[in-house]
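What follows is a short report on a single structure.
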Amino acid sequence: VVGLCAHGVGMARSLHRDGIQVVALEANAALPGVRTRCASVRIVADINGDGLIDALLALARELGEPARPVLLLTNDRMVETVSRHIATLEELFRLSWGHAAATLAPLLAKDRIEARCRETGLNYPRSVLVSDFAEAQEKLTSTAFPVIAKPTRPVSAFKTQVSASFEAFLAARARMEASLPIVVQEFIPGDDTVIRFGALYLDEGRVLARFEGRKLRSRPMGHTTIAVSEPDDQVHALALRFFEGLNLSGPVSLEIKRDPQGRYWVIEPTVGRTDFWAGLCAANGVDMTLIEYRAQTRQPLQTPSQRRSHLWMNGERDPGAVLWLLRHAPAQLLRHRIRGVYASLSDPGPWLLSLGRLIAAEPV
């Protein structure tokens, strides 16, 4: 498992519960996740750029033959980096999507999503690519405000920026300029609660598992902090349509937004890795991390059944999440048990460190 953010800790715990030996690579020794008991942790210089490749090669030498462990990544930058070195790494690691790296890698770039939506007949907001702020006014002339801006490359200096006017867009220039080029698109009306996702585990295009959920809250925009399990055949069908014909394997998901007229609009796909959604999926009976491991090690798979028992909450990023639910959606607390990102009686280290920092008002 590469990365011990809250997402990576959840993945390590899923594997550890099933008796699987986990090695985790992390560059930030201060993260709460480094305290996990569920993985043998290696602190390395880099887990996002080309230094990740050096770390993986060193790990392969350390483990020796015939190890060839399953490689699981936690963010898009890692997927992008690994895809550029796929020929070397596939000899040393099992990677679910390695055979389709050339098809998968372009989907990491947000400026390629519109073309895929046109190919599949899915709705995508009117968008323009801005490579220089000097051209912004001309390019946005026919764009209706408000707009949302996103970097084309994964894991950039910002995730999303919503601007109600062109003047507001220019006022946010300092935040966005280091991440050019950016995609600027018309903002689809609606709050977080109308954003849904369809997750799939694929084997050369064949669906081995599915899960649908709905977002309740983000902090900040684009970073989910509260989500619920919500099976939805229409959302599933849209996810299938987006990925149809690509012959992909491994975990993928499609995030979509429903407008006031009931139409669904594609926000973005996730490919080559599970999303933070993985914690919600696992809590509700569809453990994508464990499914990926078993598929890659050729173990028997049973078709998992999605439950609606748990609400997923990222209290690390959003300490006020419970208070928000009490005020805005108290029924959700009555219907669901809460699955947080760190709290665990069998693996208390990450939660204790995170809680201590929260109490001391230190950055986590």
*Which order do peptides 235-241, 342-348 fall in by mean Cβ count within 10 Å, highest first?*
235-241, 342-348
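Relative to the compact globular guide of 2.2 N^0.38 Å, what is the alpha carbon radius of gyration of the chain, as a ratio? All intermediate terms of the calculation are to be shown ahead of the outcome.
Details: Rg = 20.2 Å, N = 364, 2.2 N^0.38 = 20.7 Å.
With N residues counted in the chain, Rg over 2.2 N^0.38 Å equals 0.98.
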*Counting Lys and Arg as +1 and Asp and Glu as -1, each charge on the Cβ, what is the dipole of the chain about the Cα centre in debye, to the nearest 20?*
980
*Contour minus Cα-Cα distance for ARG68 and THR297 (0.36 nm per residue)*: 81.4 nm
_Can you order the peptides 134-140, 54-60 by their average number of other Cβ atoms within 10 Å per residue, highest first?_
54-60, 134-140
*Taking the mean number of other Cβ atoms within 10 Å as a proxy for protection, how do you rank 174-180, 264-270, 87-93 from highest to lowest?*
264-270, 87-93, 174-180
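Using R₀ = 30 Å, calculate the FRET efficiency as 1/(1 + (r/R₀)^6) where r is the Cβ-Cβ separation of HIS328 and ALA144; round to 0.05. Before the final figure, lay out the partial values.
On the way: r = 29 Å, r/R0 = 0.95.
Result of the calculation: an efficiency of 0.60.
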*What list of ³J(HN,Hα) values in whole Hz, one per residue of the stretch 111-116 in order, does the Karplus curve 6.51 cos²θ - 1.76 cosθ + 1.60 (θ = phi - 60°) give from phi, with Gly and Pro shown as x?*
7, 9, 5, 4, 4, 5
*Put a dot 7 Å past each Cα toward the Cβ at PHE166 and LEU57; how far apart are the dots in nm?*
5.0
*Give the residue from HIS223, VAL252, VAL207 lying farthest towards the positive end of the charge dipole for the stretch 201-271; charges sit on Cβ (+1 for Lys and Arg, -1 for Asp and Glu) and the dipole is referred to the Cα centre.*
HIS223
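Is the shape of the stretch 139-247 best called rounded, prolate or oblate, per the rule: a/c under 1.5 gives rounded, else a/b larger than b/c gives prolate, else oblate, with a ≥ b ≥ c the square roots of the Cα gyration tensor eigenvalues?
On the way: a/c = 2.21, a/b = 1.82, b/c = 1.21.
Because a/c hits 1.5 or more and a/b exceeds b/c, the stretch 139-247 counts as prolate.
Using a Cα distance threshold of under 12 Å, what count of lysine pairs results for the chain when pairs must be 8 or more residues apart or interchain?
The result is 4.
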*Evaluate the distance, in nm, between pseudo-label points positioned 7 Å from the Cα of ASP191 and of HIS99 along their respective Cα→Cβ axes.*
4.6
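Taking square-rooted eigenvalues a ≥ b ≥ c of the alpha carbon gyration tensor, is the stretch 232-364 rounded, prolate or oblate, where a/c under 1.5 means rounded and, failing that, a/b exceeding b/c means prolate?
On the way: a/c = 1.95, a/b = 1.34, b/c = 1.45.
Oblate shape, in that a/c is at least 1.5 and b/c is the bigger or equal ratio.
Using helices alone, what [θ] at 222 nm do you get for the chain, with -39,500 (n - 2.57) per DSSP H run of 4 or more residues, divided over all residues and rounded to the nearest 500?
Working: 15 runs with 116 residues, N = 364.
It comes out at -8500 deg cm²/dmol, rounded to the nearest 500.
Tally up the carbon and sulfur contribution to the accessible surface of the chain as a whole percent, 1.4 Å probe, everything protein left in place. Don't skip to the answer; put the middle values down first.
Numbers: 8290 of 16590 Å².
Carbon and sulfur together cover 50 percent of it.
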*So who's got an amide H within less than 5 Å of the one on LEU202, skipping anything under 5 residues away but keeping other chains? H placed 1.01 Å off N, in plane.*
LEU208, GLY250, VAL252
*Hey, if you put +1 on the Cβ of every Lys and Arg and -1 on every Asp and Glu Cβ in the chain, which of LEU323, LEU290, ALA172 ends up farthest toward the positive end of that dipole?*
LEU323
*Using +1 on the beta carbon of Lys and Arg, -1 on that of Asp and Glu, and nothing else charged, what's the dipole of the stretch 36-112 about the Cα centre, debye to 20?*
240
_Alpha-carbon centroid distance for the pair the stretch 1-56 / the stretch 289-364, whole angstrom_ = 18
_With the crude spin-label approximation of a point 7 Å out along Cα→Cβ, what separation in nm comes out for LEU345 versus ARG308?_
2.8
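The values are calculated or read from the model by the stated rules, or taken from the named source; none is laboratory data. What you are looking at is a predicted structure, and each value in this text was computed from that prediction instead of being measured. As a convention, Cβ positions derive from the backbone with ideal geometry for all residues, glycine included, and neighbour counts pool all protein chains shown. Accessible surface is based on the protein model in full, side chains and every heavy atom, while ligands, DNA and RNA are left aside. Shrake-Rupley method; radii C 1.70, N 1.55, O 1.52, S 1.80 Å.
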